[in-house]
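Written below as structure tokens is the structure these notes are about.
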Amino acid sequence: MKKTLLLLATLGTLTACQSQPPLDPALQTLSDHHLTFMRAQADRLAGELQQLQQAGSDYCRASSSATQKDALADLKQHWRRSFATWSAHQGQSGGPLDAEGLSFAFQFWPDKKDTTGKQLQRQLTAVEQGQPVRQQGVTTTLGAMEYLLENDLTARQRCLLLPGIGAELAANGQRLSTAWHDADGYQQQLNRMQQQGGSTALLTQILGQLSHRYERIEKKLVLPLNTVEHPRPLFAEAWRSGQSLHFLRASLLSLEQEYRHGGIRAYLQGSQQPDSSHAAVIAALDHAFADTLKHLPAGDSLGYWLEGDRYAALLRFKLSFDQLGYQLKQRLPEELGLNLGFNATDGD
């Protein structure tokens, strides 16, 4: 009886193994490159946020006005680097950022009604009056820290809320990094995509993320750009610190890096299918990225370029940016026989 059960179990295991098709080496390489790149991005964000928390602690421990001034300048630089690193994650969909419920943990934007500022002002008033407050939601984001750093506040006022914001950001950065490295999480999801849907499922996921990230950058530009008669500088991403253009540039550069080093470009170059040379679309995408960065205005402030005749420079940039969108969201999927429709890029 025992031998019979053992034989049946062995046969069942063999059948299960044989029922799974072998993974396509090219797809496995694509998945591996994608995971390696995204995990490195998450690790960088976690590291920057830990340093940001430490810089906040140093500022709040500063014992003199001179050391506080230096510590504040250092804290602002750490905030700027942390936000730029976060820019590489904006617009991600269908991965650990969503799965961990962290999509709004680092940033609340667009903030058309200045919800961040209003809630922080109420919290500051409450804390100064000795009332307990619960720091959560928009009051523990990078935007919340920007409010404390850029408004005319004393060190004592800033440090009423700064430690809590720094600790929450650092904790969420570590959560995101841990989730990316979880072999039973997104990595397993990618493996199932390959097994069940082959190249169509995996490529749709990865190209869908690139598409989502492009659309997030597009929103950064279009919301404040609005019209030449009515630009909206306060709709820019980081208008308080005058860093909106800097972070738009960081987002664009990180999108290019994801395209170049996240697996998809190498996949296009290494395709072994007959008559599947993708040299033309690779060249077109390379040119589109270069042309877009070439025409991106200089400096850190988007608001500066929304004024007067300088507005035209943003319109010229938008022409190149729109061409990049065509190459990335339409031509590339068509080249691979995909249709990135609504459901492919809405995170469902």
Within region 166-193, residues being more than 29 Å from Leu149 (Cα to Cα) and surrounded by 20 or more Cβ atoms within 10 Å (Cβ to Cβ) number 4
In the set Leu153, Leu160, the lone residue that is open to solvent by 50 Å² or more (accessible area, probe 1.4 Å), at pLDDT 95 or above, in contact with a helix residue (DSSP H, G or I) (Cβ under 9 Å, 6 or more places away or on another chain) and closer than 15 Å to Cys60 by Cβ is Leu160
Could you grab me the full set of residues in region 45-67 that are under 23 Å from the mean Cα position of the chain (by Cα) and more than 15 Å from Cys159 (Cβ to Cβ)?
-> Leu45, Ala46, Gly47, Glu48, Leu49, Gln50, Gln51
How many residues are closer than 17 Å to Phe247 by Cα and in contact with a helix residue (DSSP H, G or I) (Cβ under 7 Å, 6 or more places away or on another chain) when one looks only at region 283-303?
-> 11
Across region 296-330, what is the number of residues that are within 23 Å of the chain's Cα centre (by Cα) and open to solvent by 50 Å² or more (accessible area, probe 1.4 Å)?
-> 8
Right, Gly303: in a helix (DSSP H, G or I), within 30 Å of Leu153 (Cβ to Cβ) and either of a type in the set (Gly, Ala, Ser) or in contact with a Gly (Cβ under 8 Å, 6 or more places away or on another chain) (or both) or not?
-> yes
Out of the residues in region 82-118 that are surrounded by fewer than 17 Cβ atoms within 10 Å (Cβ to Cβ), of a type in the set (D, E, K, R) and closer than 22 Å to Pro233 by Cα, which is farthest from the chain's Cα centre (by Cα)?
-> Lys118
With the first residue restricted to region 246-266 and required to be touching a residue at least 24 places away in the same chain (Cβ under 8 Å), and the second required to be β-branched (Val, Ile, Thr) and surrounded by fewer than 20 Cβ atoms within 10 Å (Cβ to Cβ), Cβ contacts under 8 Å at 6 or more apart or on different chains are Gly263/Thr29; Ala266/Thr29
Residue list for region 211-233, restricted to those being surrounded by fewer than 16 Cβ atoms within 10 Å (Cβ to Cβ) and small (Gly, Ala, Ser) = none
Single unsatisfied condition, His181 versus (1) touching a residue at least 40 places away in the same chain (Cβ under 8 Å); (2) out of contact with any helix residue (DSSP H, G or I) (no Cβ under 7 Å at 6 or more places or on another chain); (3) within 20 Å of Leu102 (Cα to Cα) | (2)
Identify, by number, the condition in (1) of a type outside the set (Gly, Ala, Ser); (2) farther than 21 Å from Glu100 by Cα; (3) loosely packed, with under 15 Cβ neighbours inside 10 Å; (4) at pLDDT 95 or above that Gln196 doesn't meet.
-> (4)
Only unsatisfied item for Leu148, checking (1) touching a residue at least 24 places away in the same chain (Cβ under 8 Å); (2) open to solvent by 50 Å² or more (accessible area, probe 1.4 Å); (3) under 24 Å from Glu48 (Cβ atoms), is (2)
Starting from region 192-203, take each residue that is closer than 17 Å to Ile264 by Cβ and list its partners that are among the charged types (D, E, K, R) and surrounded by fewer than 13 Cβ atoms within 10 Å (Cβ to Cβ), counting only C-beta distances under 8 angstrom and pairs at least six apart or across chains.
-> none
Scan Leu49, Leu45 and give me the residue that is touching a Phe, Trp or Tyr at 6+ places or on another chain (Cβ under 8 Å), modelled with pLDDT of 95 or more and either open to solvent by less than 10 Å² (accessible area, probe 1.4 Å) or part of a helix (DSSP H, G or I) (or both).
-> Leu45
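The values are calculated or read from the model by the stated rules, or taken from the named source; none is laboratory data. Only a predicted model underlies this, so the values are computations on that prediction, with no experimental measurement involved. Using ideal geometry, Cβ is built from the backbone for each residue, glycine included, and neighbour counts are taken over all protein chains shown. Areas reflect the complete protein model, heavy atoms only, side chains present, ligands, DNA and RNA absent. Shrake-Rupley method; radii C 1.70, N 1.55, O 1.52, S 1.80 Å.
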